[in-house]
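For reference, the structure discussed in these notes is given below.
The values are calculated or read from the model by the stated rules, or taken from the named source; none is laboratory data. Being a predicted model, the structure only gives us computed values, none of them experimental. Here the Cβ positions follow ideal geometry from the backbone for every residue, glycine too, while neighbour counts run over all protein chains shown. Calculation scope for accessible area: heavy atoms of the full protein, side chains included, ligands and nucleic acids excluded. Shrake-Rupley method; radii C 1.70, N 1.55, O 1.52, S 1.80 Å.
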Amino acid sequence: MKTRIIGAILAIVLAVAGGVAIYLYVAGADARASRGAELVEAYVVTEPVPQGTPSETVRESLAVDELPRNAVPEDAVTDLGDLDGLVTSADLLPGDVLRQARFVDPADAVAGGVAVPEGMQLMSFTLPADRVVGGQVAPGDKIGLVGTIDPDEVGDQEDVVNPISSFAFHGVLVTRVQGVVGVDPETGEETDQSSDSAIMLTIALSAHDIERWVWFTEGEAADYAQMWLTLENEATDNSGTSPVDGNAAFQ
């Protein structure tokens, strides 16, 4: 009889403890979700703005909207006065959050892109939209490159393919982008773009880095390498990367 009573008491205690644990977990999840969903004010573009437009003119195509905090970029403009004297470095589309990276000094602006840093050279390449962050890259952005190569490893009967993927570049300046989603000037609606639509990017690199990048570009064309671009910002953490093959992909 005593054993049954003790067992019942233990069951009640465990049930209560489990209920408290579930409550605390759910409450913590709600708090984390609330922090991400917290609404903040941001400047949003309301109509297409061409590249090279003075910031003073851009103000006519802006509205203040409330967006989830996690949907607002780190470099979102909070004070329009910070843009005085600058011009847009890329076309701005309806729905875009106004970002500091989309503005440059008029003296640094060049037709169709941004100024080339001293000592750098320009080169262009083309990739499908799904390898270019879905076409979100714009002039003035910094990108990274993850390259995958397919070295053959000798097996017992035949060669075994074991691809290796690794970051090869970080912080590469994009000076020009061609082939991204356009906007119909009459309707203001975005034109459709499929995942395999070609996007051409022009980037600025040092002489040796251009040699390295061309190696990947040639590999993409010859099917011995693949290229995937990442979109970086000032808060991007690039630590902890290492080459990944079939042995490390699930670790």
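For segment 139-167, taking the residues that are modelled with pLDDT of 90 or more and of a type in the set (A, V, I, L, M), the one that is nearest to Asn233 (Cα to Cα) is identified as Ile143. If only residues of segment 207-248 that are of a type in the set (S, T, N, Q) and assigned to a strand (DSSP E or B) are counted, the one that is nearest to the chain's Cα centre (by Cα) is Thr230.
Rundown of residues vs (1) within 25 Å of Thr236 (Cα to Cα); (2) open to solvent by less than 40 Å² (accessible area, probe 1.4 Å); (3) of a type outside the set (Asp, Glu), yes/no style:
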site: Thr46; (1), (2), (3): no, no, yes
site: Pro50; (1), (2), (3): no, no, yes
site: Ser55; (1), (2), (3): no, yes, yes
site: Glu60; (1), (2), (3): no, no, no
site: Glu66; (1), (2), (3): yes, no, no
site: Val72; (1), (2), (3): yes, yes, yes
site: Leu80; (1), (2), (3): yes, yes, yes
site: Leu83; (1), (2), (3): yes, yes, yes
site: Thr88; (1), (2), (3): yes, yes, yes
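The criterion of at least 2 residues that are over 21 Å from Leu201 (Cα atoms) and at pLDDT 85 or above is met by the following strands (runs of 3 or more DSSP E) wholly inside segment 39-138: 39-45, 62-68. Would you please name the residue that is surrounded by the most Cβ atoms within 10 Å (Cβ to Cβ), looking only at residues in segment 208-251 that are over 17 Å from Phe167 (Cβ atoms) and of a type in the set (D, E, K, R)? Taking the candidates together, the pick is Glu218.
Looking only at residues of segment 181-205 that are closer than 30 Å to Ser239 by Cα and open to solvent by 50 Å² or more (accessible area, probe 1.4 Å), we find that the one that is modelled with the lowest pLDDT is Ser195.
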